[in-house]
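The values are calculated or read from the model by the stated rules, or taken from the named source; none is laboratory data. Fair warning: this is a prediction, and the values are worked out from it, not measured in the lab. Neighbour counts run over all protein chains shown; Cβ positions are idealised from the backbone, glycine included.
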Amino acid sequence: MEKNKSEKSNPVNREDLILQNPNALPIWHTIQIMELAKRLSECILAIEKYGDIPKIEEEMESIIHQLRRNAQFKIRVRTSKSNNDRISLLEKQAPPKDILNSAFKDLGKTNICEKESLERCLIYCLNLGYLCDPDNFLLATTTERIKILMMENLVIKKSCETLGYWTAKLEMMKQNKANVKPRTTKKEKHKEELKEWMKTMSRKECRLKAQKEFDVTDRAVLNYLKEIKDEETAFLRKKGDTA
């Protein structure tokens, strides 16, 4: 039996939205920039939590849904204190000239291999979205408008490159984390066994037995023993501080 498709599952037709209201084209242009900012924000959160970055189709479904409901398009972002001055200009609704003079000054120095590049590109997009808003764009001089269009081209390219790099990097981080966990669990198990042996065996006997049963080098066993001693010392020190 064929299921009826819900309105939510229907594919988004961007062209229909514009054709029904051609005057919405400049607004749509701004929203596309803000969509990019939203993906950058989601990428930052995903890296912090080793989560998943929403697919472009999922992001667009959310944005289109807001537009059809005539809702104001909003995104939540979290930025470091070093970028507060750039955000404050937006909150103050500064003129285009002020934002152009400060918001993009380090764009050429942004290295996509550095995690901070995600937040930088997010800030660039937020400022660009503000400048490309029809009302703000009209306030700019001809020279400023040309600069805005130039910045748009550079920011979108840099942001897409950064997203591509960190999307792939995140998958590598997840894999590395998955590989490290079994090794860590195995090491902790070995240390627990060593602690039990040390109750009835000499240090030398423990080392020889561990090499054989764990199939590790003597250096690895010595590292286990050192970690056990350090943990015991830390525990006793903490116990003494709370006594």
* To do: Determine the pairs where a residue that is more than 12 Å from MET151 (Cβ to Cβ), located within the stretch 126-139, has a partner that is in a helix (DSSP H, G or I) and polar (S, T, N, Q) with Cβ atoms under 7 Å apart, the partner being 6 or more residues away or on another chain.
  => ASP133/THR30
* Structure fact -> Picked from the stretch 122-153 (must be more than 27 Å from the chain's Cα centre (by Cα) and among the hydroxyl-bearing types (Ser, Thr, Tyr)), the residue nearest to PRO96 (Cα to Cα) is THR141
* **Failed condition for GLU152, given (1) at pLDDT below 90; (2) crowded, with 18+ Cβ neighbours inside 10 Å** => (1)
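Out of curiosity, is GLU161 surrounded by fewer than 20 Cβ atoms within 10 Å (Cβ to Cβ) and over 17 Å from ASP98 (Cβ atoms)?
So GLU161 passes the test.
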* To do: Return yes when LEU100 is touching a helix residue (DSSP H, G or I) at 6+ places or on another chain (Cβ under 9 Å), farther than 23 Å from GLU42 by Cα and modelled with pLDDT of 90 or more and no when it is not.
  => yes
